[in-house]
Structure formats: structure tokens, C-alpha cells
1. Points 7 angstrom from Cα along the Cβ direction at residue 167 and residue 36: gap in nanometres?
2. Which of 277, 14, 93 moves the most in a Gaussian network model of the chain with Cα springs under 10 Å?
3. Once the piece of chain linking residue 122 and residue 269 is laid out straight, how much longer is it, given 0.36 nm per residue of separation minus the C-alpha distance between them?
4. How high is the FRET efficiency between residue 178 and residue 333 when r is their beta carbon distance and R₀ equals 41 Å, given to the nearest 0.05?
5. Using a Gaussian network model on the chain with a 10 Å cutoff between Cα atoms, which of 202, 121, 164 fluctuates the most?
6. Using R₀ = 45 Å, calculate the FRET efficiency as 1/(1 + (r/R₀)^6) where r is the Cβ-Cβ separation of residue 44 and residue 323; round to 0.05.
7. Among 188-200, 143-155, how do they line up by average Cβ neighbours within 10 Å per residue, starting with the highest?
8. Along the principal axes of its C-alpha atoms, what lengths does the chain span, in descending order and rounded to whole Å?
């Protein structure tokens, strides 16, 4: 296939494993809700400044700080149910038939003390269930532990997630890797794994020499079978061989890695295709489509244009994602048939 060839990516069925609910808000919904929380949006310039990341930022930490304006809008159970349903509908329109949405109850509750973990989860679960009823898709929810919070908070979130394991499919560790070692969280993730939850860990994302080894910690100490991002393994031959030998699935996010400068320079410098050719199990994801102003079709078009992705490449990534999903096989098989 030549770079000038354009695949009709909108028509391709898709699977997404790594999409953060809190940063998946429709722009129209943000514009509607913002004034209710004291944020006026007089024009498109102000909207972009407050709610969008379209150009590379200095580092992951500066990106995370910009999430807070959107977080302020998550102020009621009605809003949470609505944004969950809308996120599922939008994903379905992008061709996604198997969708895992992840969220951090501690992040949602920040500045919203009237919302308990249970109220938050009930609202989000209602939105996801309504989408599954209305649309031919499978939706699973992943609970996130914020590594920047005290360990006791992580223990609390873990126990709560396990109590709700009938409506969660997995547990994740997220936020900035730099300065927040994953190993102290090991007991919580092993406990969750033993309770039947899947384990995916944000690791190997940031552009630092230690990042590839963070992936190994996530696998060996926390029991991860999937890695959120993990892109930095391309810089370490030993770690590349490690994830291949253990069949660890990487949840790669092209636009996100460019905007956070996890892979510095131009988007074309991303090792996505190199990882596939090396034999790494790779999947395609949007990460935070609302704030990054992207969606799965945009990601597919970029992969097609920058790296000559063919229909077979997309099929490979989607089938890996479908097999690796933490959603029950019964639910996945109802909506996904490998080509």
C-alpha cells in the first residue's frame, strides 16, 4: 500500500481498551456544562485554552494539570451517567464494538465531596448499561488507582473495587510515573487479580531512561498482563524481548504520546509499526479523546498516513485487543467476530 492510498477507516470495526472516561467529554457537553461551574467560554480561543491540548506540551505532568478544568464539570450523578452514555455512543459511531472505559473514583470525587464512590459508580454503570442496551456493543469499566495519592487511599480504592467486581472488569494504576514507584502498590493489585479483576498498569510512558524498566516492575510486582502505553520498551532490547516472550499487551496511544512528548519530536517518530514488526502485541487507543481532540478514526487515519498501516495491520491490532479484553468472553463474542 502506498502512503497516498486512503483506507475507509470509518467502516472498520474496532476495539478500544484504553479510554479515560473523565477526559472523553463531548465538546458540546463541555460548553453546556462549564457555565454551571463558573467557567465562561466566550469564544473558541478560550475553549481551546481551557479544555484542549492540540500541541505538544512540556511533559506528562503539565498535561495532567490541564485535566482539572474538565474534572470540575463532573459534579453530579446525572452528569456522570450522561457523559458515560455519550462516550459509549460516540465510540460506537467511531466503529468501536468492544470498549473499555476507565476512571479514577478519587479523581471524579475531587472537589465534589457530595459524591461518594458508590454514587459515582452507580451513575457511570447506569450510563454504560444503557448504552449496551441501545447499541450493539460490549462495555467494561476499569477502576483506576491514582499513584500520586497516599498508599492508604490505594488500599481503600482496591477494596472498594473488589467489592464491586461484578461491575468492574479490571484495576489500573495511573498518573505520573516519575517519582511514584509502582512496587508499593503490589499487594493491592495481586489481591485484585486473585479476586478475578484484570490488571493493566500505566507504565513505560514517560520519556526517561528508567521507563522501560517500569514496565518490568508492573508485570513482575503488580501482575499486569496489559500495559497502558509501554511505548518506551522500544529503547531497550532486553525489555522488548521481555514483553514479547511474556505476551504482554501494549495499549498504545499515538496522539497522546505525541502531545505528552512521551516520544519526542514529530508524530512520525513514534515506534508503533516497529513494535508490531518486532512481534509485540499492540493495540490502538485514544487515551483522552476529548481533551486531545481525537477519536479512533483520526488515530486510524494517522496510522495509515504516517506508517502505511493496511487493513491487515488494523485487523491484527483489533483481534489482539478483543482477545485481551477483560470483558467476559460471552459479551465480547456477541459483538465481535474476528475477520
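Bear in mind these aren't lab numbers, they're just calculated from the coordinates by the rules spelled out. Because the structure is a prediction, the values reported are computed rather than measured. Reconstructed Cβ throughout: ideal geometry from the backbone, glycine too, with neighbour counts over all protein chains shown.
1. Between residue 167 and residue 36, the simple spin-label model gives 2.0 nm.
2. The residue that fluctuates most here is 277.
3. Length difference between fully extended and current span is 48.8 nm.
4. 0.55
5. 164
6. 0.60
7. Descending mean neighbour count gives 188-200, 143-155.
8. 50, 46, 43
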